[in-house]
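For reference, the structure discussed in these notes is given below.
The values are calculated or read from the model by the stated rules, or taken from the named source; none is laboratory data. Just so it is clear, the model here is predicted, and its values are computed rather than measured. Using ideal geometry, Cβ is built from the backbone for each residue, glycine included, and neighbour counts are taken over all protein chains shown. With ligands, DNA and RNA removed, areas are computed over all heavy atoms of the protein, side chains included. Shrake-Rupley method; radii C 1.70, N 1.55, O 1.52, S 1.80 Å.
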Amino acid sequence: MKIKAAIFDADGTLLDSMGQWNLVPYKYVKSLGEAADENIAEKLFTMTISEAAEFIIDEYELSVTVEEAVGDGCYNQRVL
């Protein structure tokens, strides 16, 4: 049998992106002109991206919606 394609997931094995993911909330809040709490990554650790966006919006009284922060790619564009 000839293999036509393969999926290889290196994250968590050869690569570790957790350090970068932990920086995302700091960078996002900073990109909106606010200073993030030093423990924000710990607070967001068990949340989905939508839950984290809602928490950040509420915590920092931001004038963006969850849809703007997540759905439109605002969250990703501002930190990458």
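Pull out all pairs, ordered by first then second residue, where Cβ-Cβ is under 7 Å, the residues are six or more apart or on different chains, the first lies in segment 61-80 and is within 22 Å of Q20 (Cβ to Cβ) and basic (K, R), and the second is open to solvent by less than 60 Å² (accessible area, probe 1.4 Å) and modelled with pLDDT of 55 or more.
Taking only residues 6 or more apart or on different chains, the pairs are R78/Y28; R78/S31.
Those residues that are β-branched (V, I, T) and under 18 Å from E67 (Cα atoms), I need them from segment 24-49; list them, please.
Passing the criteria: V24, V29, T48, I49.
Yes or no, residue by residue, for (1) in a loop (DSSP other than H, G, I, E, B); (2) at pLDDT 85 or above; (3) touching an Asp or Glu at 6+ places or on another chain (Cβ under 9 Å); (4) exposed (fewer than 14 other Cβ atoms within 10 Å of the Cβ):
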{"site": "K4", "(1), (2), (3), (4)": "yes, yes, no, yes"}
{"site": "I7", "(1), (2), (3), (4)": "yes, yes, no, yes"}
{"site": "Q20", "(1), (2), (3), (4)": "no, no, no, yes"}
{"site": "V29", "(1), (2), (3), (4)": "no, yes, yes, no"}
{"site": "D37", "(1), (2), (3), (4)": "yes, yes, yes, no"}
{"site": "E42", "(1), (2), (3), (4)": "no, yes, no, yes"}
{"site": "T46", "(1), (2), (3), (4)": "yes, yes, no, yes"}
{"site": "N76", "(1), (2), (3), (4)": "no, no, no, yes"}
